[in-house]
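Visitor: My structure is below; once you've seen it, I'll send some questions.
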Amino acid sequence: MSRIANLIGGKSVEATSGRSAPVFNPATGEQSGELGLSSAADVDTAVQAAKKAFPAWSTTAPLKRARYMFKFKELLEANADKVAQAISAEHGKTHSDALGEVQRGLEVVEFACGIPHLLAGEFSRNVGPAIDTYNDRQPLGVVAGITPFNFPAMVPLWMYPVAIAAGNTFVLKPSERDPSAALLVASLLIEAGIPEGVLNVVNGDKEAVDALLHHPDVKAISFVGSTPIAQYIYSTAAANGKRCQALGGAKNHMVVMPDADMEQAADALVSAAYGSAGERCMAISVAVPIGDKTADALVDSLLPRIQKLKIGPAADPQAEMGPLVTKVHQQKVLGYIEAGVKEGADLVVDGRGLKLQGYENGYFVGPTLFDKVTEGMSIYKEEIFGPVLSMVRARDYGHATKMINDHEYGNGTAIFTRDGDAARAFADSIEVGMVGINVPLPVPVAFHSFGGWKRSIFGDHSIYGMEGVRFYTRLKTVTSRWPTGIRSGVNLNFPSVN
Ligand code: NAD
């Protein structure tokens, strides 16, 4: 069983709180590691290391900072398989899915390689007589990231490549449920030669998070996780004068119009609902066919696809869907299936009671499909974060868009149709941050930015892409005149060009 420590100033350092948490292999239910949980003092050690590194790092030429990112990218590519194995070992997702996660994280590193260009400012000559104005974006200082279990390598990579390339130093607090992949990826940036203290990793739970939220030397907090915690992080960070972007939970609807290619829509739905056992913030958890005829056709297309899915541990190369992350989470998802039955939804495919030979203690739940779900049911209103797809039959297009707009979450959504007009109207008016047109998982590429609306985000900056650059920098605007310029004498009026 491995002992999992912090990574501070480029070295592995044990947490000193005396508290620890078990880490499990979700496929077998066996404990695989013991994670030291950090105290406020451990967090302070990491913040001090980052603070010490900041003056030299922030004044290092952006081009040189980018070169570390190029090297990091090479190391990530060379170690992609190893990182994917570390993800699967503690998260449970299949190896090919984990490789996809590494690739999407790596793309943010590729984006950060362009930082000299991304930081270039603007210049205006002669804004007044012989006066020029220019601006540029400067780093904030020590910034921190707090990340969820479901993308243990990718979500940290949404944050620190951009933050660090922009000249900040960073403290990462990964999920305590699957910390090893985040630590492995961070160690690759250390191997790339990044100066000591530029990136630090502290493991822990609420105690470590609260220490970051209250630390006077932490200038900004990036958070990705569930909505109640995102709201807490945002309000606490703001109350402590910190910049904060806090991305929360989701309930993503996919509208299927009567003219959609039903086979394409069914493939997309099964992939987006059950991929990574539904533990994706962009998973489709609600299917919204328009009209009963479309709904019946969709169920007919979904059923054989769901029945064919192969569930198994990541060690099985044939497996398409793995277990849930923890026993507690498995029980929570099973509880929702129970609730759906009690609330009167039609359980078309029941994922309960799945037992895999040799993996009887794994946290597996089979793919589950509910039909005739209504908007008042808890399985509709709440985020389940498991392999449970709810079908809500919409009367018409207006009913579908109203239910999406009325939902508290607004992370992602999709529409499947052959009608360009309907698709365009949907994209224009829907109150959701990321929209797919015949694309079920519209996760923006690294040079765009990721973020939902409504209670799926707190703060005004989405993550990575140019929004990330803006979040991790502050604008400085300089107005300059040299002594040889025009001497205008004392003038108490507000400066303006007449
Ligand atoms: P979580 O909110 O339980 O945990 C996220 C982080 O917050 C972890 O590092 C955890 O240690 C910390 N944390 C948990 N409880 C805390 C508390 N009371 N005080 C302070 N810190 C606390 O989320 P999770 O279960 O790890 O991840 C799943 C959730 O994340 C889902 O809701 C999912 O939709 C969401 N998510 C959102 C996005 C997005 O981009 N919007 C992306 C991935 C995941």
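Visitor: Quick one: Ala422 ticks every box in (1) surrounded by fewer than 22 Cβ atoms within 10 Å (Cβ to Cβ); (2) under 23 Å from the mean Cα position of the chain (by Cα); (3) touching a residue at least 60 places away in the same chain (Cβ under 8 Å) except a single one, so which number is it?
Guide: Evaluating Ala422 over (1) surrounded by fewer than 22 Cβ atoms within 10 Å (Cβ to Cβ); (2) under 23 Å from the mean Cα position of the chain (by Cα); (3) touching a residue at least 60 places away in the same chain (Cβ under 8 Å) leaves (2) as the failure.
Visitor: Which one is farthest from the chain's Cα centre (by Cα), of the residues in region 117-165 that are within 14 Å of the ligand (Cβ to nearest atom) and assigned to a strand (DSSP E or B)?
Guide: Ala144
Visitor: For residues that are of a type in the set (Lys, Arg) and under 22 Å from Val443 (Cβ atoms), tally how many sit in region 94-138.
Guide: Total meeting the criteria: 1.
Visitor: With a cut-off of at least 3 residues that are within 16 Å of the ligand (Cβ to nearest atom) and at pLDDT 95 or above, name the helices (runs of 4 or more DSSP H) lying wholly within region 389-497.
Guide: Those helices (runs of 4 or more DSSP H) span 465-471.
Visitor: Collect the residues in region 185-234 that are more than 12 Å from the ligand (Cβ to nearest atom), in a loop (DSSP other than H, G, I, E, B) and within 21 Å of Gln245 (Cα to Cα), keeping them in residue-number order.
Guide: Correct list: Val198, His215, Pro216, Asp217.
Visitor: Now, a different point. Please state which one of Val348, Val286 is part of a strand (DSSP E or B), of a type outside the set (Ser, Thr, Tyr) and within 16 Å of the ligand (Cβ to nearest atom).
Guide: Exactly one residue qualifies, and that residue is Val286.
Visitor: If you go through region 20-36 one residue at a time, do you hit one that is small (Gly, Ala, Ser), at pLDDT 95 or above and closer than 24 Å to Glu196 by Cα?
Guide: Within region 20-36 (the criterion being small (Gly, Ala, Ser), at pLDDT 95 or above and closer than 24 Å to Glu196 by Cα), the answer is yes, since at least one residue qualifies.
Visitor: If we keep just the residues of region 74-96 that are on the phi < 0 side of the Ramachandran plot and part of a loop (DSSP other than H, G, I, E, B), which is farthest from the chain's Cα centre (by Cα)?
Guide: Asn79
Visitor: Would you mind stating whether Ala315 is of a type outside the set (Lys, Arg), more than 16 Å from the ligand (Cβ to nearest atom), out of contact with any Ser or Thr (no Cβ under 6 Å at 6 or more places or on another chain) and modelled with pLDDT under 95?
Guide: yes
Visitor: Which condition breaks for Leu334 when tested against (1) away from the ligand (no atom under 16 Å from the Cβ); (2) surrounded by fewer than 23 Cβ atoms within 10 Å (Cβ to Cβ); (3) farther than 17 Å from Gly92 by Cβ; (4) modelled with pLDDT of 95 or more?
Guide: If we test Leu334 against (1) away from the ligand (no atom under 16 Å from the Cβ); (2) surrounded by fewer than 23 Cβ atoms within 10 Å (Cβ to Cβ); (3) farther than 17 Å from Gly92 by Cβ; (4) modelled with pLDDT of 95 or more, just (3) comes out false.
Visitor: Still on this model: Only one residue in Val201, Val162 is among the β-branched types (Val, Ile, Thr), over 27 Å from Gly92 (Cβ atoms) and buried (at least 24 other Cβ atoms within 10 Å of the Cβ), so which one is that?
Guide: After ruling out the rest, the residue left standing is Val162.
Visitor: Here is a further query. Looking at Leu106, Leu140, Leu183, Leu188, which is the one that is in contact with a strand residue (DSSP E or B) (Cβ under 8 Å, 6 or more places away or on another chain) and closer than 17 Å to Ala86 by Cβ?
Guide: None of the others qualify; the one that does is Leu183.
The values are calculated or read from the model by the stated rules, or taken from the named source; none is laboratory data. Quantities reported herein were computed from a predicted structural model and do not represent experimental measurements. Heads up, the Cβs are rebuilt from the backbone with ideal geometry, glycines too, and the neighbour counts pull from every protein chain shown.
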